[in-house]
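Reading through the C-alpha cells given below for one structure.
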Amino acid sequence: MKILHIASDNKFIDQAYTVFEKAFPESNNFIIISKSKNLKYAKLKKYSHIKYTVSQIRRPRVGKPEYKKYDLVIFHSFGDLLYPEIFNVPDELSTVWIGWGYDYYDLIDNPTNLLLGETKKVAAQSYKSIIRSTISKVLRVAFKFAGISKSREKAIERLSFFSPVLPNEYDMVLRSRNWQSFPEHARWNYGTMEDHLIKGFEGEQIDGNAILVGNSASLTCNHKETFDFLVKIGVENRKVIAPLSYGDTVYGEKIIALGKKYFGSDFNPLKDFMPIQDYVATIKQCGYVIMNHKRQQAVGNIVIMLYLGARVFLREENPTFPFLKDLGVEISSVQELEKDISLLDTPLSTEEKERNKRLVSDYWSRESGIARTKALVARALSLANKSNRMPRGSV
C-alpha cells in the first residue's frame, strides 16, 4: 500500500508523518508544495518538493500519472495552494481532506464576523492585509473566468472524506452550502501527547500565574479585547505572554506595540518560531489561558495547557468550548470571566487538574492517534474498492 500526502510547509506535517508511519511503516510519501525547497517549519528528512509561483497558485502541479502510483491521497489542508490538485486525482482513488480550520471557516461564515469590535478597528488599519485580501479575491475571479482554475467548492465535492479539527465542525461545513455531493465524515487529529504535545514534560504541571493570550499573529485571536479587559480589571506585575511567531506580521507588530504600551516589561511576545520543547517550557509558567477566538483555533495549545493544569478560558460561541465540555473537561468561558474576575486568580483544584490531564491524555494519546489513522485508511480503501462507486461530483 502507498499513501500520498499533499501538504504545504507547516509544523503539523511532522506530526502527521510520525503517526502515519507508526500505523503504516514505509507506506507514506510526502509532497511539499512551497515557494522554497528550504522549508521553514516542516522538518521532514524525506519528501518531494514542488516549487510554485503566484501565477501557479490555483493550478494543479502534480501530474496525473504520479497519482496513479498510489492507493490513497491525503490533503493536509485544502486552501488555494492545494485544492486544485484534486482535479488531477483519478476518480478510482479515495481522497481525504484533513482540515486545519483556516481552510473551511470562510465557508461557514463571513471572516469579519469572527472579529470582535475593537479588533475590527485594528483590521481596518492593517492596509497590507486589506491589499493582500483584495488582490487574492481579484486573482481568484480572474483565474476562474480565464478557465485557469476551478472553484474550491467543486473541489470539495470531489473529495471522499473530510476530517475537521473537531467533530462538531463537520455539520457546520455541511450546512454552509447546497452541495451537489459532500465527503463523508472521518475523525483524525494532528499530534499525540507522547510524541509531540508534552514530550519531555510528562507528569509536570504549570509553575506560575502568567497569562497566555492567543496562539498566533491572527486577527481571530481578538487580542485587543483581551488586553483591554486585563487593563480594565487592573492586572499588574504579572507576565502576559502572547505567541506571535506565525500569521500576519503587520498585525503581530501592532499587537507587540499594544502589549508593551499596556503591560511594559511584563509583556512577553513570542516572535520567533520555537521547537516544541522550548515553547512548552516557556508557556508552562502560565497558570491561566485566555483564547478569545469565536472560531475553533489553538487546539494544540489548549490541550497542552489543560494537561499541565492551567485554567483555560474560551468563548462560549467557539465550537471547542462545547466539544471539551462534552468530554468532561473542566473549562471556563470568557463570558464567565467577564462576570467574575476572581477566576483569574482561582486555580483549578487538584481533582480538576487530574481529571483534565486524564481526559486529554486519553483522547490525544499515541494509541488513539494510531487507531484513528488505521480506521481512516481502512474506510478509505474500502470505499475505493467498491465496484459501484460513483464518480466524484455526482449526487
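The values are calculated or read from the model by the stated rules, or taken from the named source; none is laboratory data. The shown structure was predicted, so the numbers you read here are calculated from the model rather than taken from an experiment. A quick note on method: Cβ atoms are made from the backbone with ideal geometry, for glycine too, and the neighbour counts reach across all protein chains shown. When the accessible area is computed, the model is the full protein with side chains, heavy atoms only, and any ligands, DNA or RNA have been set aside. Shrake-Rupley method; radii C 1.70, N 1.55, O 1.52, S 1.80 Å.
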**Q.** Lys224 open to solvent by 40 Å² or more (accessible area, probe 1.4 Å), more than 16 Å from Cys286 (Cβ to Cβ) and in a helix (DSSP H, G or I)
**A.** no
**Q.** Inter-residue pairs, beta-carbon under 6 Å, first under 13 Å from Asp14 (Cα atoms) and of a type outside the set (D, E, K, R) and in the range 24-38, second in a strand (DSSP E or B) and open to solvent by less than 60 Å² (accessible area, probe 1.4 Å), 6+ apart
**A.** Asn28/Ile3; Asn29/Leu4; Phe30/His5; Ile31/Ile6; Ile32/Ala7; Ile32/His49
Q | Residue in the range 323-344 that is closer than 14 Å to Thr226 by Cα, among the β-branched types (Val, Ile, Thr) and open to solvent by 30 Å² or more (accessible area, probe 1.4 Å) present | A | yes
Q. Just checking, which of Asn215, Asn222, Asn178 is without any contact (Cβ under 8 Å) to a residue 40 or more places away in the chain and more than 16 Å from Asp345 (Cβ to Cβ)?
A. Asn178
Q.
Pairs needed: first member in the range 199-210, under 16 Å from Asn301 (Cβ atoms); second member anywhere, open to solvent by 50 Å² or more (accessible area, probe 1.4 Å) and aliphatic (A, V, I, L, M); C-beta distance under 8 Å; at least 6 residues apart or different chains.
A. Lys199/Ile276; Phe201/Ala281
**Q.** Candidate set: the range 345-371, residues that are open to solvent by less than 40 Å² (accessible area, probe 1.4 Å) and aliphatic (A, V, I, L, M); chosen: the one farthest from the chain's Cα centre (by Cα)
**A.** Leu348
Q. Of all residues in the range 312-322, how many are under 19 Å from Leu344 (Cα atoms) and open to solvent by less than 20 Å² (accessible area, probe 1.4 Å)?
A. 3
Q: Please state which of the following conditions Gln277 fails to meet, knowing it meets all the rest: (1) within 24 Å of Glu194 (Cα to Cα); (2) touching a residue at least 60 places away in the same chain (Cβ under 8 Å); (3) in contact with a strand residue (DSSP E or B) (Cβ under 8 Å, 6 or more places away or on another chain); (4) not in a strand (DSSP E or B).
A: (3)
Q.
Among the residues of the range 35-49, are any within 22 Å of Asp103 (Cα to Cα), touching a Phe, Trp or Tyr at 6+ places or on another chain (Cβ under 8 Å) and either open to solvent by less than 10 Å² (accessible area, probe 1.4 Å) or of a type in the set (Ser, Thr, Tyr) (or both)?
A. yes
Q: Return yes or no: is Thr95 closer than 17 Å to Lys154 by Cα and of a type in the set (Ser, Thr, Tyr)?
A: yes
Q: Tell me, yes or no, whether the range 283-299 has at least one residue that is open to solvent by 50 Å² or more (accessible area, probe 1.4 Å), modelled with pLDDT of 95 or more and outside any loop (DSSP other than H, G, I, E, B).
A: no
Q: Determine, yes or no, whether Tyr104 is touching a residue at least 60 places away in the same chain (Cβ under 8 Å) and more than 26 Å from Gly259 (Cα to Cα).
A: yes
Q.
Can you tell me how many residues within the range 183-204 are open to solvent by 40 Å² or more (accessible area, probe 1.4 Å) and in a loop (DSSP other than H, G, I, E, B)?
A. 6
(Q) Which of the numbered conditions does Asp207 fail, given that it passes all the others? Conditions: (1) more than 21 Å from Leu343 (Cα to Cα); (2) surrounded by fewer than 20 Cβ atoms within 10 Å (Cβ to Cβ); (3) at pLDDT 95 or above. (A) (1)
Q: Check Val19, Val73 and return the single one that is open to solvent by less than 10 Å² (accessible area, probe 1.4 Å) and in contact with a strand residue (DSSP E or B) (Cβ under 9 Å, 6 or more places away or on another chain).
A: Val73
